[in-house]
Amino acid sequence: MQVDITFVLDLSGSVEEVYDVVIQFAKKAILGLPVGSAQARVAVVTYADKANISFDLSAYSSSLTIRNALAFSKAGGATNTQDAIRLTTQEVFTQARGDRSGVKNIMVIVTDGKSTVKPENTLPQATAAKTQGIEIYSIGVGPDVNPAEIEGMASDPKPGHTIYVEGPSNVDTAASKLLDLLCQQ
């Protein structure tokens, strides 16, 4: 599997109750990937009021080195999903940040789907990313997700690009499902 994958993690106040589920899902999925220069490259973008690149695609060459980088503090604040998608599309998936030419780009958005900063721009930003050839997996976390936003961001076919994680007991199953889908790449 040769892919460039960016995990886009919602650390806003709206996911406060399921923050640990967001982080555990991301860790389980990332550490299950075959990371290496000729395999998967992984980047992480986190967001709340604004999006930030935690590390880019060229930062780590093995899942063991990524393990130590997967430490996040609770951000809190608003949910600026559209900014995270824009940042990932325009700045992470670039040669300067380790994106490889001719290798599939995949964005995995992990959120409750409750954008609060310019929510009207969230789905258009996802559409723009998909138009540029980025495949989007949308992961809805928590018991109270907004399915319209989760499914709207996902690539087609929606059922194969949308996963719901209601709580801690669903993390392993959901991460395994994502890894199975990614391994089909």
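The values are calculated or read from the model by the stated rules, or taken from the named source; none is laboratory data. Predicted model only: the values in this text are computed from it and were never measured. Cβ coordinates were reconstructed from backbone atoms using ideal geometry, including for glycine residues, and neighbour counts include every protein chain displayed.
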- Item | Test result for G77, over 19 Å from A43 (Cβ atoms), in contact with a Gly (Cβ under 6 Å, 6 or more places away or on another chain) and either crowded, with 22+ Cβ neighbours inside 10 Å or of a type in the set (G, A, S) (or both) | yes
- Query: Any idea which of K74, K118, K114 is closer than 20 Å to V145 by Cβ, basic (K, R) and in contact with a Phe, Trp or Tyr (Cβ under 9 Å, 6 or more places away or on another chain)?
  - Reply: K74
- Query: Could you list, in sequence order, the residues of the range 22-55 that are small (G, A, S) and within 20 Å of G167 (Cα to Cα)?
  - Reply: A26, A29, G32
- Task: Check the range 111-127 and report whether any residue there is modelled with pLDDT of 90 or more and under 17 Å from A26 (Cα atoms).
- Result: yes
- Counting only residues in the range 165-178 that are surrounded by fewer than 17 Cβ atoms within 10 Å (Cβ to Cβ) and either part of a loop (DSSP other than H, G, I, E, B) or not charged (D, E, K, R) (or both), the one modelled with the lowest pLDDT is identified as G167
- Residue under evaluation G98, criteria (1) of a type outside the set (S, T, N, Q); (2) at pLDDT below 95; (3) under 18 Å from V117 (Cβ atoms), criterion not met: (3)
- Qualifying residue in the range 71-90 (condition: under 14 Å from the mean Cα position of the chain (by Cα) and either modelled with pLDDT under 90 or more than 17 Å from M153 (Cβ to Cβ) (or both)): no
- Note on the structure: Quick count over the range 83-99, residues being among the hydroxyl-bearing types (S, T, Y) and touching a residue at least 24 places away in the same chain (Cβ under 8 Å), is 2
- Lone qualifier among D56, D20 - being touching a residue at least 40 places away in the same chain (Cβ under 8 Å), under 16 Å from L87 (Cβ atoms) and among the charged types (D, E, K, R): D56
- Quick one: in the range 5-37, of everything that is touching a strand residue (DSSP E or B) at 6+ places or on another chain (Cβ under 8 Å) and over 19 Å from Y47 (Cβ atoms), which residue is surrounded by the most Cβ atoms within 10 Å (Cβ to Cβ)? L33
